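K.L.:
This is the structure I want to talk about, given as structure tokens.
The values are calculated or read from the model by the stated rules, or taken from the named source; none is laboratory data. All of these numbers come straight from a predicted model, not from anything done at the bench. With ideal geometry, Cβ positions are generated from the backbone for all residues, glycine too; neighbour counts draw on all protein chains shown.
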Amino acid sequence: MRGVDVQDVVVIGAGQAGLSAAYGLARTGLDFTVLDGEVGPGGAWRHRWDSLRLSDAHRVHPLPGMDFAPEDASRPANRVVPEYFAAYEREFALPVVRPVRVSAVRSVGELLRVETDRGDWTAKALVNATGTWNRPFVPHYPGVETFRGRQLHTVDFPGAEAFAGQRVVVVGGGSSAVQFLLQIAPVAAATTWVTRTPPRWRSGPFDENAGREAVALVEERVRQGLPPRAVVSVTGLPLTDANRAGIESGVLERRPMFTAVTPTGVRWGEHEEPADVLLWATGFRPAVGHLAPLHPRSPHGGIALDGTRAVADPRAHLVGYGPSASTIGANRAGRAAAREIAAFLTGSAAAPGAA
């Protein structure tokens, strides 16, 4: 359980962004605690589907100060990454307390009170690193409540074998949707891929400059207080050998979004496609509801940031949000937040968003 003293900083979340921030804070000499809602290390990686191998996942960048070089990239990512995070927490003796579920963060004079299911923590500053995994997004379409088959989201994916002999409609234009289709198609009776906009395939290497440009587009939205978009929405889908084969075989033949869901399938105008399963690979929204008492949202619906600092409350920093949602972005944002908070609490100067 917590102590009663006021701490300098509370970090919420022990995923890539939270651990990176903790590493940076440990080097400032500030007193801090990391609160994590999981029962063990690994963040959202703990919940990835077993069939997702590390070699198939988006590149996992090493956390600051410790290499990530697994010997066998064919092992499930939901085992390899949590093992690495656990070793990282031990190596740097990071003060992670778990499981702790945060319900609200409130302003109490000059301090912040973090309310949880294990009591309250009081701090001078906050790093929010809660990611998106706990807020799956499913769009509404007419008739969706009448569907008599199964409806699943990415977070519920049970493995391809669970769809054997079934007709599966996969909704979504991201990497997860593509991976699901390639895994499910060999065992399913039929698969249909539907997306809101046509997929944009990216051939050739995705170099550092292209990555920086993609992140900059998302970053500009966050500066304006607009809801963030996923970085992959501006990078496109990689045209790997597996994806090329999927296109050639017809598995990755995209259809536009259906106009309605029926009890037995989906419909475009007068045409109905029978389905046993709707698999919504439609992404996530930032898990920031506990910050509502601080009123951080702009009139545009997002949280405006200056670097990692919330414009509405300079005591609160968000990492793993918007442009820092990738593993390399989370590393940079975590370290930047630690420096900015140290400068804020000591009264020294710091450049917002400094890398």
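K.L.:
Among the candidates TRP201, TRP133, which residue alone is surrounded by 14 or more Cβ atoms within 10 Å (Cβ to Cβ), at pLDDT below 95 and over 18 Å from ARG255 (Cβ atoms)?
P.N.:
Details: TRP201 fails: over 18 Å from ARG255 (Cβ atoms).
When all the criteria are applied, what remains is TRP133.
K.L.:
Just give me the residues in segment 101-120 being of a type in the set (A, V, I, L, M, F, W, C) and closer than 20 Å to ILE341 by Cβ, in sequence order.
P.N.:
Within segment 101-120, VAL102, VAL105, VAL108, LEU111, LEU112, VAL114 meet the criteria.
K.L.:
Report yes if SER107 is surrounded by fewer than 20 Cβ atoms within 10 Å (Cβ to Cβ) and farther than 28 Å from ALA312 by Cα, otherwise no. Lay out the reasoning, then the answer.
P.N.:
On the way: surrounded by fewer than 20 Cβ atoms within 10 Å (Cβ to Cβ): yes; farther than 28 Å from ALA312 by Cα: no.
In short, no.
K.L.:
Oh, and also: Please state which one of GLY42, GLY37, GLY65, GLY29 is buried (at least 20 other Cβ atoms within 10 Å of the Cβ) and not aliphatic (A, V, I, L, M).
P.N.:
After ruling out the rest, the residue left standing is GLY42.
K.L.:
Oh, and also: Residue check: is GLY301 part of a loop (DSSP other than H, G, I, E, B), touching a helix residue (DSSP H, G or I) at 6+ places or on another chain (Cβ under 9 Å) and not assigned by TED's automatic domain parsing to the domain that holds LEU152? Give the derivation first.
P.N.:
Details: part of a loop (DSSP other than H, G, I, E, B): yes; touching a helix residue (DSSP H, G or I) at 6+ places or on another chain (Cβ under 9 Å): no; not assigned by TED's automatic domain parsing to the domain that holds LEU152: yes.
No; evaluated as a whole, the condition is false for this residue.
K.L.:
What are the residues in segment 48-61 that are exposed (fewer than 15 other Cβ atoms within 10 Å of the Cβ) and either modelled with pLDDT of 80 or more or closer than 17 Å to ALA93 by Cα (or both), if any?
P.N.:
ASP50
K.L.:
Go through segment 46-155 and tell me which strands (runs of 3 or more DSSP E), entirely inside it, have 2 or more residues that are under 22 Å from PRO286 (Cα atoms) and in the same structural domain as ARG267 (by TED's automatic domain parsing).
P.N.:
Because the criterion is at least 2 residues that are under 22 Å from PRO286 (Cα atoms) and in the same structural domain as ARG267 (by TED's automatic domain parsing), the strands (runs of 3 or more DSSP E) in segment 46-155 that meet it are 150-153.
K.L.:
Going by what's in this entry, would SER20 be described as small (Gly, Ala, Ser), surrounded by fewer than 18 Cβ atoms within 10 Å (Cβ to Cβ) and not in a loop (DSSP other than H, G, I, E, B)?
P.N.:
Judged against the criteria, SER20 is not a match.
K.L.:
Name the single residue, out of those in segment 60-79 being aliphatic (A, V, I, L, M) and touching a residue at least 24 places away in the same chain (Cβ under 8 Å), that is farthest from ARG335 (Cα to Cα). First the steps, then the outcome.
P.N.:
Applying the first criterion (aliphatic (A, V, I, L, M)) to segment 60-79 yields 60, 63, 66, 69, 73, 77.
Narrowing the set further to residues that are touching a residue at least 24 places away in the same chain (Cβ under 8 Å) leaves 60, 63, 66, 77.
Details: VAL60: 17, LEU63: 10, MET66: 14, ALA77: 25 Å.
By that ranking, first place goes to ALA77.
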